[in-house]
Amino acid sequence: MYCPTLKDRTEIRFDGRKGVFFRGQIEFATVVGNCATFPAALVDSAASRFAILACASDWRPIGGGSSHCLFTFRVYNWRLANKPSEIADSALTTVAQIAALLEELAPPRLAEEWDNVGLLVGDKNREVEKLMTCLTVTPAVAAEAVEQGADLIVAHHPIPFVATKRLTSDTTVGRLLLELMAARIAVYSGHTAFDSAGEGINQLLAEGLELREIVPLTPHPEGQGTGRWGRLDEPVPLGDLAGRLKRFLRIERVQIVGRIGHLVRAAAIGCGAADELLAAAVANDCDAMVLGEARFHTCLEAEARGISLLLPGHFASERFALERLAGAIAARFPKLNVWASRSERDPLQWG
Ligand SMILES: [Zn+2]
């Protein structure tokens, strides 16, 4: 029986079934079992104070199970992940690491207080190899995630959204959550934090319309904020602005409130369902506002106030940003398999 002993301030982190991360000066080690390469790894790691070993699921720490701890341990049935020089790249990606990136891109403090954002389902220490983004977890989207073996879904709309006292198959949300949990798929949602973020949906829409001097409609005390508005370089007829929006979102139709000849000098943005932002757009003297969708009486109020509306649809106003987010995550974690849901569709269709 060999028992590697890590001395000094050794930090050990184990992040799931495939790997173990060792950091620190290794003074002495012996190893049990079929581990012929371990001593060589120790020499290198002692020099670099850094080593990562991939190992099988029967790796067991002795004396504790927390993810950061100091103790003597044994290693069984392990193998080296890589040469030590390549070690940094081979680190596992965990749910927590991706959540940290998402919180950096869309800080949860920007979320509306009624919202439910962050990691909503799952174990933050689990490894992620496959990640799917989507606007909403629907039965089709959940089935895709299960079929494709996704480990994490980054869904814009939270699930669960409201406080939930029981989780049964009697409700759609309950069925979906049970299905995802059975497949050990985690769910992260940014929602209004992502709407409002510096590179969030409303900012992207404002840039897509080529607005200048873009600022939040309702500033957050710590920067950024809800919605956006900005000025156009020169006045643009509403019909042309609608064309710009359709090209940016790659859609064929947009609902319009107002005259297509109405000259727009300043425009406001509120993705998804954001009727409540109309008043701020009026207060900022905007000539037009893009809302994902709007209630009938919001359309009448806009008409009465002389502000035009462009309504591309809730789905179109937000889904494009989840495709971009998949790209941003893949750029930061190049070894992950990341995609935007391919089965997701707008439930609304033109007849
Ligand atoms: Zn939405």
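Derivation of every value follows stated rules applied to the coordinates shown; laboratory data play no part. Keep in mind that this is a model prediction, so the values were computed, not measured. Positions of Cβ are backbone-derived with ideal geometry, glycine not excepted, and every protein chain shown enters the neighbour counts.
So here's what we get for this one:
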{"read-out": "At most 13 other Cβ within 10 Å, DSSP loop - trypsin sites (Lys or Arg not before Pro), the range 275-325", "value": "ARG295"}
{"read-out": "Top positive-direction residue, dipole computed over the range 199-312 with Cβ charges, set ILE260, ALA206, THR298", "value": "ILE260"}
{"read-out": "Per-residue ³J(HN,Hα) for the range 137-153, Karplus 6.51 cos²θ - 1.76 cosθ + 1.60, θ = phi - 60°, Hz, x for Gly and Pro", "value": "7, 10, x, 5, 5, 5, 4, 4, 4, 5, 4, 7, x, 5, 9, 8, 10"}
{"read-out": "Candidates per GluC sites (Glu not before Pro) in the range 226-314, loop by DSSP, up to 16 other Cβ within 10 Å", "value": "GLU252"}
{"read-out": "Pair-distance profile P(r), taking every C-alpha pair of the range 116-187, with 5 angstrom steps and integer %", "value": "3, 17, 31, 28, 15, 4, 0"}
{"read-out": "Selection from ALA274, LEU238, CYS286, by position along the positive dipole direction of the range 199-312 (Cβ)", "value": "LEU238"}
{"read-out": "Under-5 Å amide H pairs with ALA340, H placed in peptide plane, nonlocal only", "value": "THR133"}
{"read-out": "The range 97-248: relative contact order as a whole-number percent, Cα under 8 Å and 6+ apart", "value": "25 percent"}
